[in-house]
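Structure first, then comments.
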Protein chains: 2
Amino acid sequence: MADTVQPRTLPGFMELMPPEQQLFEKIKGILEETYRSYGFFALDTPILEHSDILLAKAGGETEKQIYRFSKGDTDLTMRFDLTVPLAKYVAMHQNELAFPFRRYQIGKVYRGERAQKGRYREFYQADIDVIGDGTLGIINDAEIPSIICDIFRKLGIEGFTIRMNNRKVLNGIFEVYGVRDRATDVMRIIDKLDKIGREKVIEELSGIGMDEARAGELLDFLGLKLTNDEILEKLGSLSGKSATLDEGTGELSTLLKYAALLGVPSENMRIDLTIARGLDYYTGTVYETIINSHPEIGSVCSGGRYDNLAEYYTSRKLPGVGMSIGLTRLFYVLDANDFIDRSFSSPADVLIIPMTDDVEGAVRLSVDLRSRGIRTQVYLEDKKFKQKMTYADRLGVPFVAILGEDEIAQGKLSLKDMNSGEQILASPDEAAEKILSRIGELSEAKVLHID
Amino acid sequence: MADTVQPRTLPGFMELMPPEQQLFEKIKGILEETYRSYGFFALDTPILEHSDILLAKAGGETEKQIYRFSKGDTDLTMRFDLTVPLAKYVAMHQNELAFPFRRYQIGKVYRGERAQKGRYREFYQADIDVIGDGTLGIINDAEIPSIICDIFRKLGIEGFTIRMNNRKVLNGIFEVYGVRDRATDVMRIIDKLDKIGREKVIEELSGIGMDEARAGELLDFLGLKLTNDEILEKLGSLSGKSATLDEGTGELSTLLKYAALLGVPSENMRIDLTIARGLDYYTGTVYETIINSHPEIGSVCSGGRYDNLAEYYTSRKLPGVGMSIGLTRLFYVLDANDFIDRSFSSPADVLIIPMTDDVEGAVRLSVDLRSRGIRTQVYLEDKKFKQKMTYADRLGVPFVAILGEDEIAQGKLSLKDMNSGEQILASPDEAAEKILSRIGELSEAKVLHID
């Protein structure tokens, strides 16, 4: 070979080192397992689609960010989310699918954003949605917080808050405050509350024609620091003033009741009338989820209820509710903060190190251990013992099984616990028991350690 | 909404209906689980790469088939296999990786081939490779058949044959037959044996200057219908005539010995001196795998040993051995032939059907069942009983739990076995036991039914 090409990966494309990839897989596996436990179908749509399909709705911002190109006569675009492909899929198969259609999809999406730390151009979304045919019961909305709660518990986080609101409640309040006709503007401005502060928001609201005192009252009302029950009571006190508000209040109340029945602790759910989550998509329930000790991470799971999933592809009304986790960004933040337990980074539960030239015993042992459900690797290279142990260290395996002449003669092995350094002479049965017990501990262990 | 766009998926891009996607996930899960059981690291490289990286080696054929485009100043290509990205990755991180580096990757790749039945432009490959630094012990080659064997067993196929050969054996035989300098041509011609037949092959061999009688002898030698031991003996009888042949014979013999130790039954391994698997990549062991009753499917798992994984990116010698499963095509064939057990197509183990307006009991039951590891869905829509049962049928759930006033009053539920039609009144404990027993049966069941 003469010239070589400098190997490199595109900026903004996450490519992890092996131990980190193992951690990523662990977290991805927890999402998948949780989605499945609720009976969601898996879905796997193509990464490439006809451009007119993906861009049926898209506005200018999306157009700029997309990966779009031609091959032959075909105008192609790489998907930039998993919702538009879902809408296409449901519209295409509307006469074959059984509704409610419940699906999860964990897949890569593409956005050509400016590359910067923690921002990715290729990233995983992990979505669930429930799509109804014409109607979809409000209780479906309560399942989403329950799923979020299960995911956080399995990850090992107790301190999280699912912030909930309902767009009908918001619109109803705007109606009561006489700004319903400017609801979109008002929402857009209120959405900036965290960023620009109360004064600026009131200023901007007055800029679109709202009386300053009234704007202040509106903000006071929306920003109430009360319990969920108190907020529901407060909303109930406005009963009769707006049909939309009454409907939204009823939905919010049902959502909380069933989420509680589904096991979501009340301390993990908070009504927050200031959240809106995007301007022209959600029509009822909206959620976002914050890690209490790290609000700066932003919302980890977000979603809500929409009236019309596939209006760009069919006239059939397909309402739905769903949520999305930006898995790649979430992983980046968790890893950068060293929140993930490194015990999950090993690809194997045990590394067998043969000390004799003949590796027959090591190979036989590997078959035995593997048949017991132990992830087993044999070190097959002809290296010095020290190098073999360095390899074990670098893999991060919890156990090493050393098989020398003495051990083989006794039908035993030396099992070294790489965490404690303790080494024992053990029969294969005893070794398997010790390793399986560690696997059991790990399956109960918290994946994340967040103060 | 005014105009709608006709929803459609690109030709050559597999997009499955929900039950089939569940089956696909089941098979994908078996590959993943098996790869992991051998202690392979997961790897996830980007789908997009710099074009000069992916095309460092590529010849004209690849260039025509690729998805290549520009965004801004960047020349991008969608990966067309998982080997080139692996080579890039290993070259990039050669000083950080612990060797042997063992990785699996299951991911989509892109080839703009002519769309036809069973041919896909977006398809999954499921690869494993073991990469050494400078050297890599031959015993690694024996692990691949063991992994293939585990996968087939877990899928439920006993009747499969891993055909093995060694390029050094082939080159050595060519040396003995005096055609070593035309090895590539000879191999290319012999590769066509199945397609064009013996006569034509001899004709073509004579076309490149080989004596016809000698060509016939060569074909007789390569096509020997003997046991593995007999073939090894035959190769041994040529000992001393070619150093390359002797080396290859030794490797082939070691491969068989350790594959047997790893538990691969001898009836599943056959030396076949006619297989070469591509012309300029493999340098030692080569494999392909055939389902005995359906040879027309072609090779399901193929791979082999190569000397230099990353020669286009680094001068460091990185030998490896690996194999690849064309998962999308494999699934297509298995599904089209109705080989896959439909029991695995349900997204849930049980569907709870509430018969009362208040679904509180149903929701509580779902939490209970889910906490026992049962995938549980509650039917939450307000429909007639018959429509609810039709939904259960269409999901393919094995059990339905009906919860009416009578059942609730007794703290019980009516559990209907959807296969037998049998319905019993059961406590939640009894119901869970029955469902878990079915899940247990299913975990032992064969995924594939191939005569």
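The values are calculated or read from the model by the stated rules, or taken from the named source; none is laboratory data. What you see is a predicted model; the values in this text were computed from it and never measured. Please note: Cβ atoms are built from the backbone with ideal geometry, for glycine as well, and neighbour counts cover all protein chains shown.
See the values below:
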quantity: Selection count where residues are buried (at least 17 other Cβ atoms within 10 Å of the Cβ) and part of a helix (DSSP H, G or I), scope segment A:403-426; calculated: 2
quantity: Residues satisfying the stated conditions in segment B:154-189, i.e. without any contact (Cβ under 8 Å) to a residue 60 or more places away in the chain and either in contact with a Ser or Thr (Cβ under 6 Å, 6 or more places away or on another chain) or surrounded by 17 or more Cβ atoms within 10 Å (Cβ to Cβ) (or both); calculated: B:174, B:177, B:179, B:183, B:185, B:186, B:189
quantity: Filtered residue count, segment A:345-379, keeping only those that are more than 26 Å from residue A:25 (Cα to Cα) and in contact with a strand residue (DSSP E or B) (Cβ under 8 Å, 6 or more places away or on another chain); calculated: 9
quantity: Residues that are of a type in the set (Asp, Glu) and buried (at least 17 other Cβ atoms within 10 Å of the Cβ), drawn from segment A:285-299; calculated: A:288
quantity: Single match in A:25, A:20 (criterion: facing another protein chain (nearest Cβ under 7 Å), within 24 Å of the chain's Cα centre (by Cα), in a helix (DSSP H, G or I) and farther than 30 Å from residue B:72 by Cα); calculated: A:25
quantity: Criterion: farther than 26 Å from residue A:145 by Cβ, charged (D, E, K, R) and more than 7 Å from every other protein chain (Cβ to nearest Cβ) - qualifying residue of A:52, A:81, A:3; calculated: A:3
quantity: Considering residues of segment B:300-315 that are within 14 Å of another protein chain (Cβ to nearest Cβ) and polar (S, T, N, Q) only, the residue surrounded by the fewest Cβ atoms within 10 Å (Cβ to Cβ); calculated: B:315
quantity: Among residues of segment B:17-38, those that are small (Gly, Ala, Ser) and surrounded by fewer than 19 Cβ atoms within 10 Å (Cβ to Cβ), counted; calculated: 1
quantity: Residue A:349 within 30 Å of residue A:106 (Cβ to Cβ) and modelled with pLDDT of 95 or more; calculated: yes
quantity: Subset of segment A:190-201 that is aliphatic (A, V, I, L, M) and surrounded by 14 or more Cβ atoms within 10 Å (Cβ to Cβ) - its residue that is modelled with the highest pLDDT; calculated: A:201
quantity: Those residues of segment A:194-223 which are in a loop (DSSP other than H, G, I, E, B), of a type in the set (Gly, Ala, Ser) and over 36 Å from the mean Cα position of the chain (by Cα), in sequence order; calculated: A:209
quantity: Among (1) at the interface with chain B (Cβ under 7 Å from one of its Cβ atoms); (2) under 27 Å from residue A:142 (Cα atoms) - the single one residue A:31 does not satisfy; calculated: (1)
quantity: Qualifying residue in segment A:224-237 (condition: in the same structural domain as residue A:251 (by TED's automatic domain parsing), in contact (Cβ under 8 Å) with a residue 60 or more places away in the chain and in a helix (DSSP H, G or I)); calculated: yes
quantity: Residue in segment B:111-120 that is in contact with a Leu (Cβ under 6 Å, 6 or more places away or on another chain) and of a type in the set (Asp, Glu) present; calculated: no
quantity: Any pair with Cβ under 9 angstrom, 6 or more apart, that starts in segment A:381-402 at a residue that is more than 10 Å from chain B (Cβ to nearest Cβ) and ends at one that is among the aromatic types (Phe, Trp, Tyr) and surrounded by fewer than 18 Cβ atoms within 10 Å (Cβ to Cβ); calculated: A:402/A:385
quantity: Filter result for residue B:9 (more than 7 Å from chain A (Cβ to nearest Cβ), in contact with a helix residue (DSSP H, G or I) (Cβ under 8 Å, 6 or more places away or on another chain) and of a type in the set (Ser, Thr, Tyr)); calculated: no
quantity: Those helices (runs of 4 or more DSSP H) lying entirely in segment A:133-193 with at least 3 residues within 30 Å of residue A:27 (Cβ to Cβ) and in contact with a helix residue (DSSP H, G or I) (Cβ under 8 Å, 6 or more places away or on another chain); calculated: A:139-155
quantity: Selection count, segment A:253-284, where residues are of a type in the set (Val, Ile, Thr), at pLDDT 95 or above and either within 18 Å of residue A:157 (Cα to Cα) or surrounded by 17 or more Cβ atoms within 10 Å (Cβ to Cβ) (or both); calculated: 2
quantity: Residues of segment B:100-115 satisfying the condition of being farther than 23 Å from residue B:63 by Cα, facing chain A (nearest Cβ under 8 Å) and in contact (Cβ under 8 Å) with a residue 60 or more places away in the chain; calculated: B:101, B:102, B:103
quantity: Residue count for segment A:116-141, restricted to those that are closer than 26 Å to residue A:318 by Cβ and more than 8 Å from chain B (Cβ to nearest Cβ); calculated: 12
quantity: Filter pass, residue B:234 being more than 14 Å from residue B:169 (Cα to Cα) and either loosely packed, with under 14 Cβ neighbours inside 10 Å or modelled with pLDDT of 90 or more (or both); calculated: no
quantity: Count of segment A:149-176 residues which are farther than 24 Å from residue A:322 by Cβ and out of contact with any Phe, Trp or Tyr (no Cβ under 8 Å at 6 or more places or on another chain); calculated: 5
quantity: Residue list for segment B:435-451, filter: in contact (Cβ under 8 Å) with a residue 12 or more places away in the chain, outside any loop (DSSP other than H, G, I, E, B) and either surrounded by fewer than 14 Cβ atoms within 10 Å (Cβ to Cβ) or touching a Pro at 6+ places or on another chain (Cβ under 9 Å) (or both); calculated: B:435, B:438, B:439, B:442
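Yes/no matrix, rows are residues, columns are (1) outside the structural domain of residue A:89 (by TED's automatic domain parsing); (2) over 21 Å from the mean Cα position of the chain (by Cα); (3) among the charged types (D, E, K, R):
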site: A:311; (1), (2), (3): no, yes, yes
site: A:314; (1), (2), (3): no, yes, no
site: A:317; (1), (2), (3): no, yes, yes
site: A:321; (1), (2), (3): no, no, no
site: A:324; (1), (2), (3): no, no, no
site: A:329; (1), (2), (3): no, no, yes
site: A:332; (1), (2), (3): no, no, no
site: A:336; (1), (2), (3): no, no, no
